[in-house]
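Asker: I'd like to ask you about the structure that follows.
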Amino acid sequence: MTKRSTSKRQIEELNPFVIAQRQCDNAGRYLPELEPGLFDFLKRPDKLTIVEFPIATSSGAVHNFVGYRCIHSRTRGPGKGGIRYHPDVTPDEVRALASWMTWKCAVVGVPFGGAKGGVVCDPKQLSPEDLRHITRRYIAELGDNIGPYTDIPAPDVNTNAQTMALVYDTYDMMHKGGNNLGVVTGKPVHIGGSLGREEATARGGLFTTLRALSRGIVPGVTDLRGLAIVIQGFGNVGGIGATLFHEAGARIVAVGDSRGGVHCPDGIDPAVAHAHKRETGSLMGLTGCRNVTNDELLALPCDILIPAAMESQLRGDNARDVQARMIVELANGPTTPEADAVFNEREIPVLPDILANAGGVTVSYYEWVQNNKNEQWDEDEVNAKLKRIMTRAADGVLDKQAEINGSLPALETARQELDRGGSPLDPVDLRTAAFVVAVERVARVALDRGVWP
Ligand code: NAD
């Protein structure tokens, strides 16, 4: 799905890389002094690797697969980003996800660039053995395109700690004799993984939400207690998010996955939902709940809507149906620019992905540090560090929004003096503020390093 009709007359662009570029361009308007050629370089991915390989599947047939790995930027450090297994993986999706990783690492201040990878496949149609072969062959084909100091993968949609163990093992078999643990993060704890990594994306989202609420992002609300939450996606991020937001005192009123969702205004016990999904393979039919479609789920009345599944779920054609008072993006790229415009107009704040879901890469960074030092930190220590970094990052974005919106006339004058075209500057939302923070940080490093040679 790359285009979708928002009304009878309008077609909405859903190519995630086009969207990622638009988000970045919008931020660039608030950085008039940034040299246009340098900005263009910062936006472009450095490298896209494409690999094709056969697998003798357990059905007896040989199937051919295509895999990608994109490094968007290594300006601030090695590439960093997940590996996704999904039928809809495309080069532009991988480019977009890699670029969001660059900006995300800059927003939280971890010393990595941005990368992402994926294999076009449908894990629901493949056996665990097939997936194991795909992982090993994909990593073998990538060869030295990944490495502990060049590009470091992690889990994403349909990959998990077990997949990361295979990534490590495959790379280690090909590079014997060194400490290769740092080649991948999100590993099982007994194979160099960090305590707290599995929960880190959701926990980071919780810390960011708490900070934003305490700073008055939703009028009249200062914490999560009693707030009604709807979560789309019930995997690593959404499933653990349900548990953590519930533990923090919120009421989880609806959860959904790719098969559909369930709604219960009195609240769902996430432990019961997890058990039901484990037993039946689906959330539908959960006792005491009404089954809902994914479209219905996104339009349910609630205080906070948390997209934690895929890109472009909130678009021009459904943003007006959203009844939430705030949106927390735990997925990457769940909101299109058209939906952003609607949420702005309706004064529904959106905590953007490059801030809200950055807890995963933050604890991935801690895992990498532990691997390089041969250490294992306590979970309390990891969570305390995560809380500090997420709170500081949330403050940085909220402060930047206030700073920009308080200096629009001066920015407008600077734009005119430098002869930058385009429409007058509007007040920025949190996404644009986060992009400005990120682009400024990456640009500063690029300028100080200089353009090579
Ligand atoms: P996952 O594979 O563990 O879970 C994905 C969930 O989304 C599943 O419950 C699946 O059924 C559901 N889903 C898929 N398509 C859907 C659809 N069309 N409608 C509704 N639900 C759908 O993946 P994950 O790791 O939880 O990742 C979810 C999102 O969070 C992705 O956007 C990913 O890029 C982002 N993210 C993940 C991490 C991480 O550490 N895993 C970090 C940052 C961001």
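The values are calculated or read from the model by the stated rules, or taken from the named source; none is laboratory data. Predicted model only: the values in this text are computed from it and were never measured. Virtual Cβ from ideal backbone geometry, glycine too; neighbours counted across all protein chains shown.
Asker: Using the structure shown, decide if A339 is within 30 Å of T90 (Cβ to Cβ) and either crowded, with 24+ Cβ neighbours inside 10 Å or at pLDDT below 95 (or both).
Answerer: On the way: within 30 Å of T90 (Cβ to Cβ): yes; either crowded, with 24+ Cβ neighbours inside 10 Å or at pLDDT below 95 (or both): yes.
Criteria met by A339.
Asker: Related question: Suppose we filter region 252-266 for residues that are away from the ligand (no atom under 15 Å from the Cβ) and assigned to a loop (DSSP other than H, G, I, E, B); how many remain? Write out each step before concluding.
Answerer: Taking region 252-266 first, the residues away from the ligand (no atom under 15 Å from the Cβ) are 253, 264-266.
Next, only the ones that are assigned to a loop (DSSP other than H, G, I, E, B) stay: 264-266.
Final tally of qualifying residues: 3.
Asker: Determine whether Q376 is more than 16 Å from the ligand (Cβ to nearest atom), surrounded by fewer than 19 Cβ atoms within 10 Å (Cβ to Cβ), at pLDDT 95 or above and not β-branched (V, I, T).
Answerer: yes
Asker: Looking at (1) in contact (Cβ under 8 Å) with a residue 24 or more places away in the chain; (2) within 30 Å of L126 (Cβ to Cβ), find the lone condition where G60 falls short.
Answerer: Result: G60 passes all but (1).
Asker: While we're here: Quick check on region 130-148. Is at least one of its residues of a type in the set (S, T, Y) and free of Cβ contacts under 8 Å to residues at least 60 places away in the same chain?
Answerer: Filtering region 130-148 for residues of a type in the set (S, T, Y) gives 135, 138.
Those still in the list that are free of Cβ contacts under 8 Å to residues at least 60 places away in the same chain too: 135.
Yes: region 130-148 contains one or more residues that are of a type in the set (S, T, Y) and free of Cβ contacts under 8 Å to residues at least 60 places away in the same chain.
Asker: Is at least one residue of region 107-121 away from the ligand (no atom under 13 Å from the Cβ), touching a strand residue (DSSP E or B) at 6+ places or on another chain (Cβ under 6 Å), under 24 Å from H175 (Cβ atoms) and β-branched (V, I, T)?
Answerer: For region 107-121, residues away from the ligand (no atom under 13 Å from the Cβ), touching a strand residue (DSSP E or B) at 6+ places or on another chain (Cβ under 6 Å), under 24 Å from H175 (Cβ atoms) and β-branched (V, I, T): present.
Asker: Of T150, T135, T170, T208, which residue is among the β-branched types (V, I, T) and surrounded by fewer than 18 Cβ atoms within 10 Å (Cβ to Cβ)? Give the steps one after another, and end with the answer.
Answerer: Values: T135 fails: surrounded by fewer than 18 Cβ atoms within 10 Å (Cβ to Cβ); T170 fails: surrounded by fewer than 18 Cβ atoms within 10 Å (Cβ to Cβ); T208 fails: surrounded by fewer than 18 Cβ atoms within 10 Å (Cβ to Cβ).
Only one candidate passes the filter, namely T150.
Asker: Only helices (runs of 4 or more DSSP H) wholly contained in region 267-361 count here; list those with 2 or more residues that are within 12 Å of the ligand (Cβ to nearest atom). Full working, then the answer.
Answerer: Numbers: elements: 270-280, 294-298, 337-345, 353-356.
Because the criterion is at least 2 residues that are within 12 Å of the ligand (Cβ to nearest atom), the helices (runs of 4 or more DSSP H) in region 267-361 that meet it are 270-280, 294-298, 353-356.
Asker: Quick one: E347 ticks every box in (1) surrounded by 20 or more Cβ atoms within 10 Å (Cβ to Cβ); (2) in the same structural domain as S214 (by TED's automatic domain parsing) except a single one, so which number is it?
Answerer: (1)
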